[in-house]
Structure formats: structure tokens, C-alpha cells
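Everything on this sheet refers to the single structure shown next.
The values are calculated or read from the model by the stated rules, or taken from the named source; none is laboratory data. Remember, it's a predicted structure, so these values are computed and weren't measured experimentally. With ideal geometry, Cβ positions are generated from the backbone for all residues, glycine too; neighbour counts draw on all protein chains shown.
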Amino acid sequence: MTMRLAPSRRFASLAPFLTALLVLALLLPMAQLGRAAGELISVIVREAPGAGDLPEQLVEANGGTVGRRLEIINGFAAELPRDAVEWLTANPAIESITPNAPLQLQGRGYAAAGDVGSMLHTTSIVGANWFWAQGFTGAGVDVAIIDSGVSPVAGLDEPGKLIQGPDLSFESQAPNLRHLDTFGHGTFMAGLIAGYDDGAKLNLGQTQKAYVGMAPRARAGPQAEGGQGRAAP
């Protein structure tokens, strides 16, 4: 004997199954959205001054991972869930969170002619070329430079160019650092004053490949008073 259900009773028996399918269909997009919002993205986190290691702790507490330390910007690389970025950015311990994206150099070289702040343009603006042509090149003049020291880089490495004075920096205690400039400021200033690259022709002005300071034939007498990453006051 075969029993046949009325259409209404047949639908009623399928109702729980259909309801379950409907609920699943509604929840599935929401679950996918949650996973998309929580996907890890690569970011750069800058810390607020005095924050200590709180930013790192916040990143890890929100499901992220801390990567390489970036001292130059007081921050670090990290991977964060996308939906945690906005909340963490609002935390006072965090200065900013930006995408960790690749950068592309705008050029492969340096051309002094295209830099309005270069010595090529500066010496021309102040009329140094005219003085060089008249014989005023700094020859016979010694310039004392009280700064972070001077390293004999190109343009300052001609024999007799540097007259080393007393090295009062902490680095003078290391023989391999004595009379050098690990900070760089003193060397930069000496270049502005007396730098003179090989092959430079003063009567023709500078070329794009030759660096010339204001008094290229002068000698520099550095006295180091900085040290350990600090210039002299």
C-alpha cells in the first residue's frame, strides 16, 4: 500500500530543510566578508614618541605579526588583519599605519645641472666663478672647522688638504676612528668650503661631474668635537 502526501503536507515536511538552506545562503557571504576583512596585509607602523614596545604588543594582540625594526622612522614592518588597521591607527601609541608598498627611484643618477641647490648653481649665483677667474681661489688660506670632524673623501683627499686638529670626540678613543667623521656633518661643511674634485677647471666653472667648493684651493683644519652620531653644538 503506497501513501501519498498532500502537496501542503509535502511542503511542510521540506520546510525545515529549505529553512536551513536559506540560513546557510545568508550566512555564507557574511563569513566570506569577515575573512576578507581579516586578511593579513603588509604595513609600516610608526610609533608615537615614548610608546615603548606597546605598539608591537598591540599588533600581536590583534592577530598581527611584527617584522623588521625600522629605527630611521621610529617604527617597524608588520602584517595586520585589514579590519584592525583603523582601530590601531586611533591608538595614541601609534603615529601612523601605512601600506608597505614597493618604491621606484625617479632616476638612476644625479645631475647637478638639474638641482637648483647644487654647488654648481650656488657658486654661480654668488659669483664665485668670477673670483676664481681673478685668482681668488682660497690658496694660502686655512679654514678651521669645529664640527664632527672631516673624513678624507673624494674632493678632500688631496695631500695636504686637511690639517687635522685635536680630536675631542668620544670616537677618538678608537684608533680606527680617530680623525674621521662618522656623523658626516663636518665632512659636508668642509666640502662646501674647500671641496675640489679631480679634473675640475676653475676658469671654466664646474662641470656636472666635478664638485667645487667656494674656496677650492683653501686647506681645511678640522677639529672634532662631536661623536657617536652627534654634531658639535
> Going through region 130-150 one residue at a time, which ones are buried (at least 18 other Cβ atoms within 10 Å of the Cβ) and either not β-branched (Val, Ile, Thr) or not assigned by TED's automatic domain parsing to the domain that holds Leu180 (or both)?
Replying inline: Trp132, Gly138, Asp147, Ser148, Gly149
>> Six or more apart or on different chains, Cβ atoms under 6 Å: show the pairs whose first residue is in region 124-147 and within 12 Å of Pro216 (Cβ to Cβ) and whose second is surrounded by 11 or more Cβ atoms within 10 Å (Cβ to Cβ) and among the charged types (D, E, K, R).
In response: Thr137/Arg217; Gly138/Arg217; Ala139/Arg217
>> Go through region 174-201 and report how many residues are under 23 Å from Trp132 (Cα atoms) and in a loop (DSSP other than H, G, I, E, B).
In response: 6
>> Cβ-Cβ under 6 Å, sequence separation 6+ or interchain: first residue in region 48-64 and assigned to a loop (DSSP other than H, G, I, E, B), partner of a type in the set (D, E, K, R). Which pairs?
In response: Ala48/Glu95; Gly64/Glu79
>> Out of the residues in region 134-153 meeting the condition of being farther than 11 Å from Thr187 by Cβ and small (Gly, Ala, Ser), tell me which one is nearest to the chain's Cα centre (by Cα).
In response: Ala144
> Within region 103-129, which residues are exposed (fewer than 11 other Cβ atoms within 10 Å of the Cβ) and over 30 Å from Asn74 (Cα atoms)?
Replying inline: Val116, Ile125, Gly127
> If you scan region 119-173, which residues turn out to be farther than 17 Å from Ala215 by Cβ, small (Gly, Ala, Ser) and part of a loop (DSSP other than H, G, I, E, B)?
Replying inline: Ser148, Gly149, Ser151, Ala154, Gly165, Ser169
>> Looking at region 84-102 only, could you name the residues that are surrounded by 16 or more Cβ atoms within 10 Å (Cβ to Cβ) and part of a helix (DSSP H, G or I)?
In response: Ala84, Val85, Leu88
>> Going through Glu79, Glu171 one at a time, which residue ends up being modelled with pLDDT of 90 or more and either surrounded by 15 or more Cβ atoms within 10 Å (Cβ to Cβ) or within 30 Å of Pro49 (Cα to Cα) (or both)?
In response: Glu79
